[in-house]
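What follows is a single structure, written as structure tokens, with notes after it.
The values are calculated or read from the model by the stated rules, or taken from the named source; none is laboratory data. If you're wondering where the values come from, they're calculated on a predicted model, not measured in any experiment. Here the Cβ is made from the backbone with ideal geometry for all residues, glycine too, and neighbour counts use every protein chain on show. Just so you know, the surface numbers come from the protein's heavy atoms only, side chains and all, with ligands and any DNA or RNA stripped out. Shrake-Rupley method; radii C 1.70, N 1.55, O 1.52, S 1.80 Å.
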Amino acid sequence: MTKFMIPGNICRILKKIQSSGEQACLVGGCVRDMVMGRRIHDWDITTSAGWEKIAGLFKKSAATGIKYGTVTVFYRGTKAEVTTFRRDTGYTDMRHPDDVRFTPELKEDLARRDFTMNAMAMDADGGITDPFGGMADIADRVIRCVGEPDRRFLEDALRMFRALRFSAQLGFEIEAVTKSAIVNNASNCKYLSAGRVRTELLKTICSDRPEVAADMFEMGLLGDFDGDTATLHKMAERLRKLPKSGDLRLISLSAAAGRALNISPGEFLERLGCGREVKELSGAFDCVPCGSAEEIRLSCGEYGMKKTMAACAAGDTILGGSRYRLFKEFVRSDLPHSVRELAISGRELMALGLSPGREMGDVLNELYRHVCRFPEDNNTEKLIKLAEMCMCK
């Protein structure tokens, strides 16, 4: 049997709990990621000990979830969440258990978890407890519910989003029965908080397979929409070319959904609880010209960098192309990005007889537009001559 090497401080936490006569194992995502050789962000431990005993074993700890038997332990600069073995029953809100009962059995604790790959435990010696076939499913690159999928999703509707998010992040396929249960139970996602849904969607689109977000629409997790999800899938694939910035990819996805599914990008983002600026930027492609390098330079001056960037990213997502690359090249260039970076200022224009105000602003904007077309003319002498010509019109 394969043994895994557990980091020193985590191993010491496990053995300290075991030395008190209790069971203790790593559990959940950290075990999955260790098996897959992925970076581990959080350490979760499950134990037969009650939270009071765990708190008494470690000098530095915080009772972060007493209802669920959870204590956060701090040990020599390492943090781990330690939770008592438990069974969960009743999910009236389709998200949280109505009743939590602690149990002495590790298998009962593993049985309450969402997917087989997350229902494995690892002891301090690196040995795996795998009662539901998680290792085999990881080897087969399959996401499968523990037990009956319909029951798992009725307990916690967010698990449906998690299945698709894991598919995007890990490159795994969702097995047929689990996928069918997602479609059958998708309408229950309306009970989830906007923040939880937004978090899962952001993690999905910031993965290497952002197109899985289109499956969330197609399977009904994000609501009932009419339109062409196949086209949306192709558009969402183009998100790969954008930086893994949540807001930028989300703005672009919402703009693409607006075209493919005939929904309002702003209303969609409103339902996700997004802020005003993100909602406003989702419509940038419809009003900010960005079809060429020259248009991008002009738009940066007229509409600002943020709107132009959003328009370029959404345009590439909807139509393909290289608008965003051209935008970044412009940003990195020495060319002026606004009237404030012209080789002329209000001081020189006042010397020509212009007073601060609308007329001066119009002249500066005209000079910026000229420089966008003829970058080599961005020098003070040339711009003064052009300003004089503008004043004579």
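Of all residues being closer than 21 Å to Asp377 by Cα and aliphatic (A, V, I, L, M) in region 278-325, which is nearest to the chain's Cα centre (by Cα)? Just the residue, please. Applying the filter and picking the extreme gives Ile296.
Taking Lys67 as the residue in question, decide whether it is without any contact (Cβ under 8 Å) to a residue 60 or more places away in the chain and more than 30 Å from the chain's Cα centre (by Cα). Considered against the rule, which asks whether it is without any contact (Cβ under 8 Å) to a residue 60 or more places away in the chain and more than 30 Å from the chain's Cα centre (by Cα), Lys67 comes out as no.
Among the candidates Lys3, Lys107, Lys16, Lys53, the residue that is open to solvent by 20 Å² or more (accessible area, probe 1.4 Å), in a helix (DSSP H, G or I) and within 29 Å of Arg144 (Cβ to Cβ) is uniquely Lys107. Per the conditions (1) surrounded by fewer than 22 Cβ atoms within 10 Å (Cβ to Cβ); (2) modelled with pLDDT of 95 or more; (3) not hydrophobic (A, V, I, L, M, F, W, C), the sole criterion not satisfied by Pro210 is (1). The residue pairs whose first member lies in region 280-307 and is within 19 Å of Gly258 (Cα to Cα), whose second member is part of a loop (DSSP other than H, G, I, E, B), and whose beta carbons are closer than 8 Å, counting only pairs six or more residues apart or on different chains, are Lys307/Val288. Within region 79-104, restricting attention to residues that are under 26 Å from the mean Cα position of the chain (by Cα) and assigned to a strand (DSSP E or B), which residue is farthest from Val27 (Cα to Cα)? Checking each candidate, the answer is Lys79. Restricting attention to region 168-201, report how many residues are of a type in the set (Phe, Trp, Tyr) and open to solvent by less than 10 Å² (accessible area, probe 1.4 Å). So the count comes out to 1. Within region 33-50, if we keep just the residues that are under 25 Å from the mean Cα position of the chain (by Cα) and either part of a helix (DSSP H, G or I) or hydroxyl-bearing (Ser, Thr, Tyr) (or both), the residue that is surrounded by the fewest Cβ atoms within 10 Å (Cβ to Cβ) turns out to be Met36.
For the condition exposed (fewer than 15 other Cβ atoms within 10 Å of the Cβ), free of Cβ contacts under 8 Å to residues at least 40 places away in the same chain and in a strand (DSSP E or B), Ala136 does not qualify.
Counting only helices (runs of 4 or more DSSP H) wholly contained in region 145-224, the ones carrying 2 or more residues that are under 17 Å from the mean Cα position of the chain (by Cα) and among the small types (Gly, Ala, Ser) occupy 158-170, 194-205, 212-218. For region 368-393, taking the residues that are among the basic types (Lys, Arg) and out of contact with any helix residue (DSSP H, G or I) (no Cβ under 8 Å at 6 or more places or on another chain), the one that is farthest from Ser345 (Cα to Cα) is identified as Lys393.
For region 94-104, the candidate set comprises residues that are in contact with a Gly (Cβ under 8 Å, 6 or more places away or on another chain) and under 15 Å from Trp51 (Cβ atoms); within that set, the residue that is least open to solvent (accessible area, probe 1.4 Å) is Val100. Of all residues in region 139-164, those satisfying the criterion of being among the hydrophobic types (A, V, I, L, M, F, W, C) and either touching a strand residue (DSSP E or B) at 6+ places or on another chain (Cβ under 7 Å) or open to solvent by 20 Å² or more (accessible area, probe 1.4 Å) (or both) are Ala139, Val142, Ile143, Cys145, Val146, Leu154, Ala163. Scanning region 246-274 for residues that are open to solvent by 50 Å² or more (accessible area, probe 1.4 Å), free of Cβ contacts under 8 Å to residues at least 40 places away in the same chain and within 17 Å of the chain's Cα centre (by Cα) returns Asp247, Glu270.
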